Structures are given as C-alpha cells and as structure tokens.
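Okay, structure first, notes after.
The values are calculated or read from the model by the stated rules, or taken from the named source; none is laboratory data. Model, not experiment: these values are computed from the prediction. Ideal geometry is used to build each Cβ from the backbone, glycine not excepted, and the neighbour counts take in all protein chains shown. Ligands, DNA and RNA are excluded from the accessible area calculation, which covers all protein heavy atoms including side chains. Shrake-Rupley method; radii C 1.70, N 1.55, O 1.52, S 1.80 Å.
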Amino acid sequence: MISITFTSMIERNVNLKSYNTFGIEAKAARFASFSSVEELVSLLTELDEDPLLILGGGSNVLFTSDFNGLILRNEIRGIEILHENENEVIVKSGSGEVWHDFVMHCVGNDIGGIENLSLIPGSVGASPMQNIGAYGVEIKDVFESLEAFHIETGEIHSFDTTACEFGYRESVFKHKLKNQYIITSVTYRLTKKHIINASYGAIETELEKMKIDIPTIKNISDAVIFIRSSKLPDPNEIGNAGSFFKNPVVDQEVVAKIQETHGNVPNYPAPNGQVKLAAGWLIDQAGWKGKTLGSYGVHKLQALVLVNYSGCTGENILDLSTQIIEDIETKFGITLEREVNII
Ligand code: FAD
Ligand code: EPU
C-alpha cells in the first residue's frame, strides 16, 4: 500500500503577519495548511508535546508572543446541498471556506438565512466556535450540525445544536471541549421561502435610504455590507479583530444606576430578565474612542474595536485592553470580558 505523507509541507519559523487580521508580526515555530481530513490526520502525526493551534482566517485571535508549537491552517473547501424541499435547503460546507464567500454563494443562489451575517471575516469552521452574530441573527438560528475531528481518538464526531451549547459569542468548544476538536464541516438549515429580518434599526434606516419597501435577501445583504463598511475598519487597511470585548450582560439595577449617572446607555433584552449593554458606548463615554498610543489605539468610529495602525505588538493591544477594562470597572462598576482569543 502507498502511504502518502504531507509532513514535508510543514514550514518553520513562519511570520504570522498575513495570517491574522490584527497584522501582528509573531512567528510560528511550525506551520502547515490542510485541505482534507486525510491531510489533517497526516500532519497530526507530527504533533508532539508542543501546543497546537487551528487557524481559520485569524480574525478573532491576538498573538501576544511567538507561537512555540504547530499552527495548522484550515483550507477544507466544498459546498454541497444535502437536501431541499420547497421551503428549505440543508447546505453543508467545508470548514475552510471563507465565511463571506459562503454567504455570497447562498445569497447568489437565493438561499436565505445568513444574509444578515454578510461581510463577517473568517472561516465557516469558526462560525460555531463563538456562535457568530450580527444584525439580529446568530449562527445558532440556522445551525443544523457540525462534524469535528477528535484530536485524542482520531474519530469524527457529530454535534447538533444542543450539543454545541451555543450562547452569546459562546459554544461548548470555547469551554468544556476547548482545544479538543477540529471542526471539519458545518451544515446549515437555510431557506427558500425567506424570513426577512430587518428588525435591527440600522438596517431599516438603510433600506429606507435605498427606497426599498419589500426587501429581498440580496437587499438585506447589501444593506448590512454598507453599514458594516461605514463603521468597521477594513482589516486590509487597519489591523483589527472586530469587537475586542463582549457586550456585558447585567441585571436591570445596574442599568438603572448607569442611567442615573451617565444618561441613556443603549441596551437590549437578554435571557433571564437581564440586559445586554453596549460596551462600545461605555468605552466611548469613558473617553477612549479614537485614542491613539503611537502605532495602535481605539478606533475612531467604533470604540469596541482596538486597532493596529502599523507594527504594534500583541502585548501593546493586550495592555491597552487591560487599561480599558480597569477604567470601565472604576467608572461603571462593570467588568468587560475580552471576545478575542488571546494566544
Ligand atoms: P480564527 O481567528 O482563525 O480562530 C478563532 C478561534 O477559533 C481560535 O481559537 C481558533 O483556534 C478556533 N478555530 C478556528 N477554526 C477552527 C476549526 N475549524 N476547528 C476548531 N477550532 C477552530 N464576529 C461576530 O460574531 N460578529 C461580527 O459582526 C464580527 N465582525 C467582525 C468584523 C471584523 C472587521 C473582524 C476583523 C472580525 C469580526 N468578527 C465578528 C470576529 C470574527 O470574524 C469571527 O469570530 C470569525 O468567526 C473568526 O473566524 P476565523 O476563521 O478568522 O477564526
Ligand atoms: N456605540 C457608541 N459608541 C461607540 C460604539 C457604539 O455609542 O463607539 C453605541 C452605538 O451608537 C449603538 C450601540 O453602541 O447605539 C451598539 O453599537 P453597534 O450597533 O455598532 O453594535 P455593537 O454592540 O458595538 C455588536 C457586535 C458586533 C456586530 C454588531 C451588529 C458584540 C461584541 N459586537 O457590536 O460584532 O457586528 O453588534 O450586530 O456583540 C464582533 O463580534 O467582532 C462584532 C463586530
């Protein structure tokens, strides 16, 4: 029998600048890409005691030092329709597909359900990791199942919605099962008879400007792309990883107290009678918006986004985030939690 080995594809001392949207110049001791489960298995035979990191688009990571282990970049491609009827379509995607390309593929084929999630950077495989969400939709709303490679046993396990334990920017893969699985494919339950979700205020406003009364999924996608492009920095121009912190979920009393002292903080209903506050507003009120410390800082249009203008280190960004957390604690009594994965 012929045995194929892919280990020669492992590169050493690789600069990660183009593999993370913050544009941080860290190095990986060893780095390789895989485009199938077979390649992945072969590469994992090279795994020793050193740490392992799976990388998609690198749009939700902050490298704070060189990575002294093996980084495997996911390039598993392929989109297939598993089942369809007159109302819905079950679509399976390789986890290495680019998320926005997958959304455009669906919108282009009049398949609905993820148009509100247009222009989110990263890979399909990372979409369930933190249950990506934007403009009134989260992955859990359209999720059917995923397949994941169990690193310890080499088995492929299937996870349904319940098993993923989705929450706001959360899943079981960030907690109980952290670093145990490599997601190889994700299957979504999407629509042919569309349910248009234009409830998010900014979308309504944009559709009005576009003079659209009865929006299609393409209109929603266009509106979301326009809104996002107008306030979030493009990582190709300014290094960033989107929202650096999660929006804090707090009790009603906390909101009332902030409103007494600081005025009307934007807030949204959360489960169990709690309230989600706009962290961007808190950071903005605290005076951080647009603050620049040499080559890095807080974005001038969105205070929730920390930015690398040119050549800062991951430590610089991490230190800045710590200063912001401490300041928000002092001013509002709220402890912000980082959304970005600190490596
Ligand atoms: P990476 O950064 O490569 O990885 C993130 C984490 O997931 C790492 O811990 C990694 O090890 C793990 N991982 C990745 N792939 C796999 C896999 N196949 N199997 C196992 N583990 C894996 N997020 C939102 O939710 N909503 C937004 O609106 C949003 N807007 C953004 C805007 C900008 C400009 C940017 C830069 C980011 C934004 N993000 C947003 C964050 C980011 O796009 C998402 O978290 C995205 O899903 C990350 O995908 P990725 O492939 O780049 O993940
Ligand atoms: N705001 C300010 N000042 C700021 C930023 C925001 O006052 O500097 C106010 C806005 O005016 C608005 C409110 O805060 O009233 C919320 O702002 P926005 O609509 O921009 O959304 P967000 O809560 O800051 C969240 C997600 C984004 C997602 C958008 C749209 C989190 C952590 N962030 O941002 O996700 O795209 O909603 O749904 O939940 C990401 O996760 O990386 C991300 C970009």
- Using label points projected 7 Å from each Cα along Cα→Cβ, tell me how many nm separate I151 and N272, to one decimal. 3.0
- Net charge near I76: determine it from the other residues with C-beta under 13 Å of the C-beta of I76, scoring Lys and Arg +1 and Asp and Glu -1. -3
- Message: Tell me the carbon and sulfur percent of the accessible area for the chain, rounded to whole percent, probe radius 1.4 Å.
- Response: 49
- Note on the structure: Taking Cα atoms only, Rg over Rh for the range 79-191 with Rh from the Kirkwood formula is 0.95
- Under 17 Å from the Cα of K27, which aspartates and glutamates turn up, not counting those fewer than eight places away in the same chain? E11, D50, D66, E315
- Message: Give me the net charge for the shell around G94: Cβ to Cβ below 11 angstrom, other residues only, Lys and Arg +1, Asp and Glu -1.
- Response: -2
- Task: In whole angstrom, note down how far apart the Cα centers of the range 194-271 and the range 76-117 are.
- Result: 23
- How big, on average over all directions, is the shadow cast by the Cα convex hull of the range 1-149, in nm²? 10.8
- Which of the lysines could a cross-linker span from K176 if the Cα-Cα distance has to be under 27 Å and same-chain partners fewer than 8 positions apart are dropped? K92, K140, K246, K276
- Would you mind computing Rg(Cα) / (2.2 N^0.38 Å) for the range 239-342, counting N as its residues? 1.08
- Task: Using only alpha carbons, build the gyration tensor for the range 281-343 and give me the equivalent ellipsoid semi-axes, biggest first, whole Å.
- Result: 19, 14, 9
- For the range 2-74, what size does the Cα cloud have along each of its three principal axes, sorted from largest down, in whole Å? 42, 22, 16
- Item | Spin-label proximity, T216 to the range 66-90 - amide N less than 19 Å from point 7 Å beyond Cα toward beta carbon | 87-89
- Note on the structure: SASA check, E38, accessible area w/ 1.4 Å probe, all protein chains in place, rounded to nearest 10 Å², comes out at 130
- Per residue, the convex hull enclosing the alpha carbons of the chain has a volume in Å³ of 150
- Note on the structure: Taking every other residue with Cβ under 11 Å from the Cβ of D284 and scoring Lys and Arg +1, Asp and Glu -1, one gets +3
- Message: 5 Å is the cut-off here: which amide hydrogens, built 1.01 Å from N in the peptide plane, fall below it relative to V305, excluding neighbours closer than 5 in sequence?
- Response: F244, H299
- Query: Separation between the L293 and S230 pseudo-spin-labels, each 7 Å from Cα along Cα→Cβ, expressed in nm?
  - Reply: 3.2
- Item | Per-q log10 I(q)/I(0), the range 160-268, q = 0.11, 0.14, 0.20, 0.21 Å⁻¹ (Debye; single scatterer per alpha-carbon; no solvent) | -0.65, -1.03, -1.21, -1.19
- Once label points are set 7 Å from the Cα along Cα→Cβ at both T162 and N15, what is their separation, rounded to one decimal in nm? 5.1
- Length gain on complete extension for the stretch H83 to S65, per 0.36 nm per residue less the alpha carbon to alpha carbon distance? 2.0 nm
- Per the helix-only calculation at 222 nm, which mean residue ellipticity applies to the chain, given -39500 (n - 2.57) for every DSSP H run of n ≥ 4 and division by its residues, nearest 500 deg cm²/dmol? -7000 deg cm²/dmol
